[in-house]
Structure formats: structure tokens, C-alpha cells
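Presented below is the structure to which this report refers.
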Amino acid sequence: MSFAPHRVLGGTMRILAGLTVSFALFGFALCAFAQDDDPAPTPPQASDDAKFVAYNQADIAFAHAEIVDGTGARPRYDQTLVVSNGRIVGMGPSKTVRVPKSATVIDARGKTLIPGFVMAHEHLFYIMGRGIYHTMLYTFPRLYLAGGTTTARTAGSLEGFADYNLKLAIDRGEAIGPDLDVTAPYLNAPGIPILQMHALTSPDDATKMVNFWADEGATSFKAYINITRAELKAAIEAVHARGFKITGHLCSVTYREAAELGIDNLEHGFGVMTDFIPGKQPDVCPPRSQLSLASLDVNSAGVKSLIEFLVQKHVTLTSTLTVFETFTAGRPEAPEGARALLMPELRKYYEDHWTAAQTSDAGKTYAVIFPKMMKLERMFADAGGTLIAGTDPTGFGGVVPGYSGKREVELLVEAGFPFAQALKIATLNGAHFLGRDSDVGSLEKGKRADIAVIEGDPARDAMALESMPYVFKMGVGYNATAIIDAMKEQVGLY
């Protein structure tokens, strides 16, 4: 049958079982000001998700597809992949794979199947301006899914209980979105003007915070910009004692210092390291530290030594080229589709800042930094380091779920990674780091049927990723276009 939206066969869909419970979303202050003749708008409900389901048969076969499986292997053509009850049960050349008579057959000629993305630096909040971030419990999980992300680590939370409760709702089938590896609220010392963050007071406070959130269900932890070495050491020890991993967006602590302390992961590639800033003081984040990369010789002995040390210490790096692209003069504006998802005030906020970046000194400096970040990530991977991927929807906006995961893979290809390797960074590498690689991260027999469908051949042109009409999670196929259309102008509200 053709690859197009259609009514699902077989009566009541499996996905509907969990969708009878809806989120009680806050109406903010709208209700207080509503007039009798001008009622407040009704927030969208999780039960609306049923309309996004396009395929939900127990047995589905994708016939005559190109497959890029996420392992780093080269693309394979004219392949058939068979799904049964949410699992991949067959995959291989179309002329040899047996398709069950019960299967709904999807003609996938001209299409490419890739694993759902496993993104390791996502958030459930979005910048509102004035140092305020709102948590997007409705739009973001659905948009992440529509953009091909079927597993995500939140990599920092401002509403820890909200993030965790959303994870549980997704696990129970009460909402749609990626499986979530929930990171606790930031482990940070004073100095960041975000009122939603706790400021650590001591190493003991770091230990206390780790244990509190581990007890509450967090499975990941993140150190932030102003943390001290003593606090980071205490946090690492507490996290490891609970059997979890810890990452960091660091400044006051250098990459080498963090690796010596035993950190598992560092965020933003090499874009925020402070190892080579002249006069760097212990436990102090230098001003405008990110711009220091502009003068760094990436081929220097010191840089090569740091890379070797990180590889030796098995420190994983997370590439987030998407957010740095937004700061960089000469780089494209976020696509119209992504901007259309933002409430009008946030769209203007982003567009004004993007326009200013094209001529600002900082924007011009990032035009020097951005290619260096790409090169350093390649150098790290070529040296044997493990690179994973994320998008980081922060900065001044423009990194929008639904589009950002695809853009990260496109940027990895631009950085010089072959498409198959870039895809592995964004899928199997992340799954392995999160301890989920036996179940997700690649298209292999026995694994979960988390599949993104691409119109065209991204191995030849990574921009083909922009045409992703369907995303399957656990064998259920979602109409990505319908989800994105339904979220227009809602990011910032829900």
C-alpha cells in the first residue's frame, strides 16, 4: 500500500488505552482575566494525541526501503523491514525477507529508514526573556517525537518534578513523546541570574542535592557553570555511588580538572572549555570565556594533549552545534517551520536577536569559533573519543524541537562526518551512553521499532532529513506533519 495517512485497521487502537488520562495544564493568569463573553482558550489535552496516530497495526512491513541502521554501516538498498508488536522481527534484502500475510505492507520505495534519534542534550523548557524559562510539558515532547527523537536525556531541569512526572505519563501511555532520561535540576554555585536555579552552598550541599533527586527518580545529573572543584568532586562521588552518570556544562572547572575528578560527560563539545584561557583562576569562570576559542590554535600540542587525556579517561562529549549556530554571523536563520511554532512574541524575540548577531562583534567572533568547534569534535572522534549529540533549545531561541534534531545531524555532516557516522553519533552512541543500546539506537532484529521515515536519501544529501513525514515509536507510526501543524504558535504557552 502507499505510504500515506490512512485510517487504522482493527478497531480500537493500542495507543488509545493510555490516552484517556489528560494533563491538567495551568492556564497561567488567563482565567483570572477572562470575561463571560470572552472565555479563556481551552488548553490542548493529551487525549488529543490519538489523531496523530497513522499506523498502529500489530504487524507492519516496510518494503523496498533504503536503510541506514545507526551502527555506522553503509546504507543498504532495496531492504524490507518487518515489525511485529513493536519490535523489529525481520530485516534484509527484499527478495529474501518473508513478509507475514497479516502485515500491513508499506511501499517504501524512494524512502530511507533510520533509527529514532537518541538525543542527549534536550530540555523541556524554553527561553521567555529576562532570565525566565517556561516548561513546555505539552508542545515539547510531541515536537521532539515529530522531529525523530524517540529517546532523550533532558540534560538539565528547572522543574524536576514536572520533568519526571511527564516521563511517567509517557511511560504509561498517557502522553506521547520520547522516552525520557530525566536529569535532576542543575548543580550550580551562586552567580547565575536565573531565579529558578538552586545555588549550592558547599560540597555537602551537592551531595545532599544528588541524593534527594536520585530518591525522587532522576537518572542523570548535570554540573553547571560556577560549580567549584570541591562541589563537583562531591557530586561525582554521590552520583557514582547511586549508580548513575554525571555530565557538565563547565566554566569555573576546566575540562582536564573535571576528567581528573571522574566526570562521565562534558557538554557542548569543546565550545565552553576554559583550559586555555590565560590567567584562569581556580574555581572562577572567566568573563566572556566562550569567545576565547577564537584565538586558540586547535592544532597545538596542548589541545592534542587534552583530547588524548579525555579519551584516556573515557569522557564522552556531547555535540550541540545547533545552539552555537544561532549565535554565529553568516549562518542561516531557523527555518520558517520552526519559527512558526513559536508564539508571536517569542518569534520576534528570536528574529530580533538573530538579526543583531549578523553584525555584532560576538556574532562575528562566533563565525571564527564555529568552524573550530566542528574541527575539534572531528579530532576528538578521530582520536577514539565517544561523541554523542543533543540540540540544547536555549540561547536566545531558534533551536526548536521538531526541527533541531535533524539540524544537529546535518551540522555533523557539515563538520566532516560521513552521514552514517553522524547518524550513529545521534543514535547508537547516545543509546550506549544511556545504557539503552540493547533496546534502541539502531535498526536491528530484536530491537524496538523506533524508526524515522525520510523522503529521499540522506546519505547522499543530509538535508533530506527535513522531509520526515512519519516517526514510529515502539511500532506505532505518528504523522509528524500533523503534530507540527497542530503546535503552531504554541511554544511558549504549553
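Taking the C-alpha atoms only, the angle from helix 404-414 to the longest principal axis of the chain is near 70 degrees. Between D171 and E260, the contour length at 0.36 nm per residue exceeds the alpha carbon distance by 28.4 nm.
Restrict the search to region 251-295; then list the trypsin sites (Lys or Arg not before Pro) that DSSP places in a loop and that have at most 15 other Cβ atoms within 10 Å of their Cβ. Passing both the DSSP loop test and the Cβ count: R288. One entry in [x] 94, 44, 43; [y] 80, 49, 39; [z] 69, 62, 48 is Cα extents along the principal axes in Å calculated from the shown coordinates; its label is [z]. Taken per residue, the accessible surface of region 56-192 reaches 31 Å², heavy atoms only and a 1.4 Å probe. Solvent-accessible area assigned to carbon and sulfur over region 120-195 amounts to 56 percent, based on a 1.4 Å probe. The distance from the alpha carbon centre of region 464-479 to that of region 55-118 is 13 Å, rounded to a whole number.
Please compare each pair in K245/K473; K304/K424; K375/K406; K304/K406; K95/K473 to a cut-off of 28 Å on the Cα-Cα distance and tell me which ones are over it. All intermediate terms of the calculation are to be shown ahead of the outcome.
On the way: K245/K473 26 Å; K304/K424 24 Å; K375/K406 20 Å; K304/K406 30 Å; K95/K473 26 Å.
The pairs that break the limit, which is 28 Å between Cα atoms, are K304/K406.
Each residue of region 183-197 is assigned a 3J(HN,Hα), and the resulting list reads 8, 5, x, 4, 8, 9, 8, x, x, 9, x, 10, 5, 7, 9 Hz, derived from the Karplus form 6.51 cos²θ - 1.76 cosθ + 1.60 (θ = phi - 60°), x at Gly and Pro.
Can you pull out the GluC sites (Glu not before Pro) in region 332-398 whose DSSP state is coil and whose Cβ has at most 16 other Cβ atoms within 10 Å?
Numbers: sites: E333, E336, E345, E351, E377; in loops: E333.
Those that pass, being in a loop and sparsely packed, are E333.
Label separation (V368 vs D382): 2.3 nm, computed from points 7 Å beyond Cα along the C-beta direction. A simple rule links phi to the HN-Hα coupling: the Karplus curve 6.51 cos²θ - 1.76 cosθ + 1.60 with θ = phi - 60°, which for region 67-83 gives 10, 10, 8, x, 8, x, 5, 5, x, 10, 10, 6, 10, 10, 10, 10, 10 Hz, with x for Gly and Pro.
Residue separation of I132 and V89 scaled by 0.36 nm, minus their Cα-Cα distance, works out to 10.8 nm of gained length.
Using the rule -39500 (n - 2.57) for each DSSP H run of four or more residues, divided by the residues of the chain, the 222 nm mean residue ellipticity is -9000 deg cm²/dmol.
The values are calculated or read from the model by the stated rules, or taken from the named source; none is laboratory data. Note that the coordinates shown come from a computational prediction; the quantities given were computed from them, not determined experimentally. Neighbour counts run over all protein chains shown; Cβ positions are idealised from the backbone, glycine included. For accessibility, only protein heavy atoms count, side chains too; no ligands or nucleic acids. Shrake-Rupley method; radii C 1.70, N 1.55, O 1.52, S 1.80 Å.
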